[in-house]
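Have a look at the structure below, then the notes.
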């Protein structure tokens, strides 16, 4: 029994792995960064919030983990290329990429301004293209790797006053499938997590955008079979599964992590 337990631990261990997490300074990105570090990975935090990103990296180091922070605008091709090259130069490989960065604007198609459409598409969707474009050749050199994209339940079904977000996340879900088909031969697995409402600054910010009471908004968000809003760690654990060898024959799929909201 003990040997079988060790086999499971070996499968889920990320010792020696280099893992990039975008949007790593808060919410799901923060929880995932800490969990991957706890499982032995050297985590590379990417965010536009420099002070918070550096603070998180230092916290991980204080807890005997390995972490580095890189300031990067994930909507910029030149910045993504520069950052990925710097990471590769420092560590010599990239094993895991969690494309997590995201923004939300709660408006319908009539009220949404073009600049907000562009922002949402760029951060939520284009960033996955840019980071993957520069990371995949490095993974191919090493014989494979893992890419996990952060989708959404609204990438599978529609939602009110979130037209650009739904469009972007729908793109993430299908882009994941296409990438898995293209790069399976390279030993690269590409999967997607689709969270429901998770208690993050992003979710709580929606209440302000909709001009509704935050606590009432959060209570309504908890109206699902498991009767609670998700925690960032709930999603982080799904990312860990996809990043580890526990999911060695899983690619091109989306894991819904939403407490039964889409059931």
Would you mind telling me which residue in 124, 100, 227 has the biggest mean-square fluctuation in a Gaussian network model of the chain, where springs connect alpha carbons within a distance under 10 angstrom? 227
Rounded to the nearest 10, the angle in degrees between the Cα long axis of helix 2-12 and the longest principal axis of the Cα atoms of the chain comes to 60
Using alpha carbons only, how many degrees (0 to 90, rounded to 10) separate the axis of helix 27-38 from the longest principal axis of the chain? 20
Measure nothing but the geometry: give the 0 to 90° angle between the long axis through the Cα atoms of 50-62 and the longest principal axis through the Cα atoms of the chain, rounded to 10°. 40
Quick one: check the C-alpha center-to-center distance for segment 188-212 versus segment 20-49, whole angstrom. 16
Test of understanding: in a Gaussian network model of the chain with alpha carbons linked when under 10 Å, which of 122, 234, 213 would top the mean-square fluctuation ranking? 213
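Which FRET efficiency value, to the nearest 0.05, do you get for residue 61 and residue 250 by plugging their Cβ-Cβ distance into 1/(1 + (r/R0)^6) with R0 = 35 Å? Walk me through the numbers on the way to the answer.
On the way: r = 31 Å, r/R0 = 0.90.
Efficiency, from the Cβ-Cβ distance: 0.65.
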Would you mind checking segment 112-141 for residues with the amide N under 14 Å from a putative spin-label position 7 Å along Cα→C-beta of residue 186? 129-141
On a full-extension model of 0.36 nm per residue, what is the gain between residue 174 and residue 209, subtracting their alpha-carbon distance, rounded to one decimal in nm? 9.8 nm
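Bear in mind that the values in this text are calculations on the coordinates, not laboratory data. Given the structure is predicted, the values throughout are model-derived calculations rather than measurements. All Cβ positions, even for glycine, are placed from backbone atoms using ideal geometry, and neighbour counts span all protein chains on display.
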